[in-house]
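First comes the structure, then the notes that go with it.
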Amino acid sequence: MNIILFGPPGAGKGTQAEKIANHYNLPHLSTGNIFRESIKNETSLGKKVKAILDAGNLVPDETVVDLVASELDKSEYNEGVILDGFPRTVAQAESLDDYLEENGKKIDFFITLSVPEEELVNRILSRGEGRSDDTPEKVKTRLQVYRNETEPVMNHYKAQGAVKEINGVGSIEEIFGRIKDTLG
């Protein structure tokens with residue numbers, strides 16, 4: 001089962017992805033985790049990504065696609081994957097579709113977590129990750145970038161009939177229950 005977990009920054013994708021991974025025994029591929037690890041270890045990718053994120057921008061498609069494709073080539077993803085934070089643009093989605101098709105696979109579920117903007121800002125500012133762009137102004141910039149560049153990805157997968165919208169407000173368990181009901 002190949003799942004894209006989608007939603008704006010602060011929607012709870014990482015938390016829910018871990019729950020889905022454990023429940024369905026699927027690997028969780030988070031571009032955010034890969035980037036954070038690279039930043040923490042001060043790799044060349046990490047330094048490049050940090051500068052981009054510090055400016056409140058998204059990492060270029062080509063960089064992200066190369067990273068994800070090389071990860072998906074590993075055998076641990078043969079039975080499926082939960083993609084978290086990818087694809088973020090229609091170009092990334094098209095590249096992912098091409099990659100999956102070449103490998104006889106497809107996206108089975110595109111789960112999007114819906115959360116009001118005020119709740120997202122509060123969550124991001126209270127989670128204390130220490131990101132340099134975790135200020136009210138930068139958070140609102142990230143949400144605007146998400147709306148402009150990332151929401152069209154949902155429309156791409158709506159055309160394929162894969163989109164399932166989940167209310168992302170409530171306890172972690174309530175939200176996970178809604179996801180399990182959707183996945184069956």
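What do you reckon, is D181 exposed (fewer than 12 other Cβ atoms within 10 Å of the Cβ) and without any contact (Cβ under 8 Å) to a residue 12 or more places away in the chain? Considered against the rule, which asks whether it is exposed (fewer than 12 other Cβ atoms within 10 Å of the Cβ) and without any contact (Cβ under 8 Å) to a residue 12 or more places away in the chain, D181 comes out as yes. Pairing each residue of region 47-62 that is on the phi > 0 side of the Ramachandran plot with any residue that is of a type in the set (S, T, N, Q) and assigned to a helix (DSSP H, G or I), provided the two are 6+ apart or on different chains, yields C-beta distances under 9 Å for G56/T141. Take D73 and decide whether it is of a type in the set (D, E), closer than 21 Å to T182 by Cβ and at pLDDT below 90. Answer is no for this residue. Under the condition of being over 19 Å from the mean Cα position of the chain (by Cα) and hydroxyl-bearing (S, T, Y), the residues counted in region 38-55 number 2. When the criteria are applied in full, D98 fails the requirement of being modelled with pLDDT under 90 and either on the phi < 0 side of the Ramachandran plot or touching a helix residue (DSSP H, G or I) at 6+ places or on another chain (Cβ under 9 Å) (or both). When residues in region 1-23 are screened for being farther than 20 Å from R147 by Cβ and not small (G, A, S), 10 of them pass. Hey, any hits in region 5-22 for a residue that's more than 11 Å from the chain's Cα centre (by Cα), closer than 12 Å to D84 by Cα and at pLDDT below 85? No, because not a single residue in region 5-22 is more than 11 Å from the chain's Cα centre (by Cα), closer than 12 Å to D84 by Cα and at pLDDT below 85.
If you go through region 10-24 and pick out every residue that is of a type outside the set (D, E) and without any contact (Cβ under 8 Å) to a residue 12 or more places away in the chain, you end up with 1. If I ask for residues that are over 30 Å from N103 (Cα atoms) and either small (G, A, S) or in a helix (DSSP H, G or I) (or both), which ones from region 49-76 would you list? The answer is K50, A51, I52, L53, D54, A55, G56. Here region 141-170 is the region considered, the condition is being touching a helix residue (DSSP H, G or I) at 6+ places or on another chain (Cβ under 9 Å) and surrounded by fewer than 12 Cβ atoms within 10 Å (Cβ to Cβ), and the residue that is farthest from F110 (Cα to Cα) is N167.
The values are calculated or read from the model by the stated rules, or taken from the named source; none is laboratory data. No experiment lies behind these values; they were computed from the predicted model shown. Counting neighbours? That spans all protein chains shown, and the Cβs are built from the backbone with ideal geometry, glycine included.
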